[in-house]
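Quick notes on the structure that follows.
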Amino acid sequence: MTLKVSGDEVKLENLWAVGQRKIKSLSLSESARKKMVESRSYLMKRLDNGEVMYGVNTGFGALSDVQINKNDIEKLQVNIIRSHSAGVGKYFSREETRAIMYLRANALARGHSGIRPEVVDKIFEFLNNDVLPAIPEPGSVGASGDLAPLSHLALSLIGEGHCLSDGGVTVTSKVLASKKIDPLKLQAKEGLSLINGCQVMTAVGLIRIRTAQKLVLLADVAGAMTLEAMRGTRAAFDPLISRERPHHGEMQTARNLLRILGPSSPIGESHIDCKRVQDAYSLRCMPAVHGAAKHAVLHNLKTLEIEANSSTDNPLVFASDNKILSGGNFHGEPVAFALDFLAIAMTALSSMSECRIEKLINPAMSGLAPFLAPNSGLNSGHMIVQVAAASLVSENKILSHPASVDSIPTSADKEDHVSMGTIAARKFGMIVENARNIIAMEFLSATQALDLLKPLKPAHGVLAAYDVIRAVVPFAIEDRIFSDDIKKIAQLIDDDSILTAVEGKVGPLEL
């Protein structure tokens, strides 16, 4: 599969496809190449006329008042890449790195950076040959964009630094020699343009949003399964209720739950004379909470897709308007706010899932064996499954403290307010991973509970998920290593087995 990049057509699905290397050939569209050539010609004309331009013939940040000799302009661009490559620690994954490179190329393809098309061509040459810079995760404050991580990207483009390899990293020069790829020779402004922007936080955030989209639907499935196991009522999902509070996500969630649960089931009918008037909030309020999480995912996806198709360099070149302007499009606050919001939403979603696990293992609430353990006492059952879920929820709460409310002045107080957006992206990824495991734990406990209700059967949508899980995780007659079970269910989440089975039975679930 091939993709022509124009600077304004990035969507979540094609970014994910690039990250997964399902799109193996990327190139610059002719319209984008033309815009870049025009922008470059305009910038060079003004530079040749002796104009002083930030980052082109001046120092950077607090050194912007230092004018650079014409003979040192290209050296200046190499120096900024080397000096700004100060990241440390764990490297971004191959998927994340490919997505970062794609977004950086897309931003430059918009034609407002005043650089040569050859720079974008080189990024694509690396991507097409799966040559991926080793980019440390920590090191960005999200101010002039993601300076440190993007510098490590650029460092590999010029033949320096390291690239990812199987099980570690390899010196870039060796990788390029083996692939017969020439390093990029930077010219005026090109080093600066490679590192100004929010592509790291945006790429990482978008990849995690794709998983979050899946989880907000699977939370409906897991919640419906728990409701059946708890012999709860469907009354709270009546469309008359959500019609009177017409938040998009709330109505979608109520419809999803009714699709999965149907009007009734043998389990539901067995409990028709129950005197319980209302279920616990974690069951009854799923439309409100799951729905709000869905809204957060959709709303903030739009924000990040706007960012992915934006010009974030500084200065920006507007050849047709006869202007070169310094501004602040590189500041990561729009992305930071979005990712912090998403972190909070996914934490709330996972917290409600854990509440349902607690209800399942509590005989006073479920009416089932303590901790869902046959012969409890000798067997501890899902006692520590719930403890582990509680631990992950607590961790998510800590990670949900917004990164965007923090700021540390940098560059001798020239960059006096920063976004911390890349920290927001990284911790959002941790929260999504924890939420995935918590929902896997809920599936584990809910399937165990359903088995304790046999021979009664659950609703058809719930049964579809149950069958997929039981194909790889059997009923626990006695204690075993439940960590292994959780991992197997998490894999069913990752490969869409559960969602596909449910939607095959009840139709597409609504986001």
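The values are calculated or read from the model by the stated rules, or taken from the named source; none is laboratory data. Quantities reported herein were computed from a predicted structural model and do not represent experimental measurements. Please note: Cβ atoms are built from the backbone with ideal geometry, for glycine as well, and neighbour counts cover all protein chains shown. Just so you know, the surface numbers come from the protein's heavy atoms only, side chains and all, with ligands and any DNA or RNA stripped out. Shrake-Rupley method; radii C 1.70, N 1.55, O 1.52, S 1.80 Å.
Values for this structure:
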quantity	calculated
Filtered residue count, the stretch 69-98, keeping only those that are crowded, with 18+ Cβ neighbours inside 10 Å and either in contact with a strand residue (DSSP E or B) (Cβ under 8 Å, 6 or more places away or on another chain) or under 27 Å from HIS417 (Cβ atoms) (or both)	11
Selected residue [of a type outside the set (Phe, Trp, Tyr) and under 21 Å from GLN213 (Cα atoms)] from ALA465, ALA459, ALA446	ALA465
Matching option when the condition is open to solvent by 20 Å² or more (accessible area, probe 1.4 Å) and over 27 Å from THR97 (Cβ atoms), among ALA373, ALA348	ALA348
Set GLY197, GLY223: member being open to solvent by less than 10 Å² (accessible area, probe 1.4 Å) and either closer than 30 Å to SER144 by Cβ or of a type outside the set (Gly, Ala, Ser) (or both)	GLY197
The one condition in (1) surrounded by fewer than 23 Cβ atoms within 10 Å (Cβ to Cβ); (2) over 18 Å from the mean Cα position of the chain (by Cα); (3) modelled with pLDDT of 95 or more that GLU305 fails to fulfil	(2)
Single match in LEU360, LEU399, LEU392 (criterion: modelled with pLDDT of 95 or more and more than 28 Å from LYS90 (Cα to Cα))	LEU360
Inter-residue pairs, beta-carbon under 8 Å, first under 14 Å from LEU192 (Cα atoms) and of a type outside the set (A, V, I, L, M) and in the stretch 47-69, second open to solvent by less than 10 Å² (accessible area, probe 1.4 Å) and in a strand (DSSP E or B), 6+ apart	SER64/THR58
Scope the stretch 360-383; condition touching a residue at least 24 places away in the same chain (Cβ under 8 Å) and not hydrophobic (A, V, I, L, M, F, W, C); matching residues	SER366, GLY367, PRO374, ASN375, ASN379, SER380, GLY381, HIS382
Pairs with Cβ under 7 Å, 6+ apart, first in the stretch 113-125 and open to solvent by 10 Å² or more (accessible area, probe 1.4 Å), second in a loop (DSSP other than H, G, I, E, B) and of a type outside the set (A, V, I, L, M, F, W, C)	ARG116/GLN187
Identity of the residue in the stretch 63-120, of a type in the set (S, T, N, Q) and outside any loop (DSSP other than H, G, I, E, B), that ends up farthest from ARG46 (Cα to Cα)	THR97
Any hit, the stretch 324-347, residues being without any contact (Cβ under 8 Å) to a residue 24 or more places away in the chain and in a strand (DSSP E or B)	yes
Output for the stretch 447-479, where each listed residue is surrounded by 12 or more Cβ atoms within 10 Å (Cβ to Cβ) and not in a helix (DSSP H, G or I)	LEU453, LEU456, LYS457, PRO458, ALA459, ALA471, VAL472, VAL473, PRO474, PHE475, ALA476, ASP479
Residues satisfying the stated conditions in the stretch 163-180, i.e. closer than 13 Å to PHE92 by Cα and either in contact (Cβ under 8 Å) with a residue 24 or more places away in the chain or among the hydroxyl-bearing types (Ser, Thr, Tyr) (or both)	CYS163, LEU164, SER165, VAL169
Selection within the stretch 126-148 - part of a loop (DSSP other than H, G, I, E, B), open to solvent by less than 20 Å² (accessible area, probe 1.4 Å) and in contact with a strand residue (DSSP E or B) (Cβ under 8 Å, 6 or more places away or on another chain)	VAL131, LEU132, ALA134, ILE135, SER144, ASP146
Residues satisfying the stated conditions in the stretch 352-385, i.e. at negative phi and part of a loop (DSSP other than H, G, I, E, B)	ASN362, LEU368, ALA369, ALA373, PRO374, LEU378, SER380, HIS382
Count of residues meeting criterion [assigned to a strand (DSSP E or B) and within 23 Å of the chain's Cα centre (by Cα)] in the stretch 149-162	0
Selected residue (criterion: surrounded by the most Cβ atoms within 10 Å (Cβ to Cβ)) from residues of the stretch 16-30 that are within 30 Å of the chain's Cα centre (by Cα) and assigned to a helix (DSSP H, G or I)	VAL18
Residues satisfying the stated conditions in the stretch 480-511, i.e. touching a residue at least 24 places away in the same chain (Cβ under 8 Å) and assigned to a loop (DSSP other than H, G, I, E, B)	ASP496, GLY507, LEU509, GLU510, LEU511
Considering residues of the stretch 31-49 that are open to solvent by less than 40 Å² (accessible area, probe 1.4 Å) and among the hydrophobic types (A, V, I, L, M, F, W, C) only, the residue farthest from VAL119 (Cα to Cα)	LEU47
Residue match in the stretch 232-247 (condition: surrounded by 23 or more Cβ atoms within 10 Å (Cβ to Cβ) and not in a helix (DSSP H, G or I))	yes
Criterion (in a loop (DSSP other than H, G, I, E, B), touching a helix residue (DSSP H, G or I) at 6+ places or on another chain (Cβ under 9 Å) and buried (at least 24 other Cβ atoms within 10 Å of the Cβ)) met by exactly one of LEU186, LEU206	LEU186
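Here's the yes/no breakdown for (1) among the β-branched types (Val, Ile, Thr); (2) closer than 30 Å to LYS35 by Cα:
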position	(1), (2)
HIS247	no, no
GLU250	no, no
THR253	yes, no
GLN278	no, no
HIS290	no, no
THR303	yes, yes
ALA308	no, yes
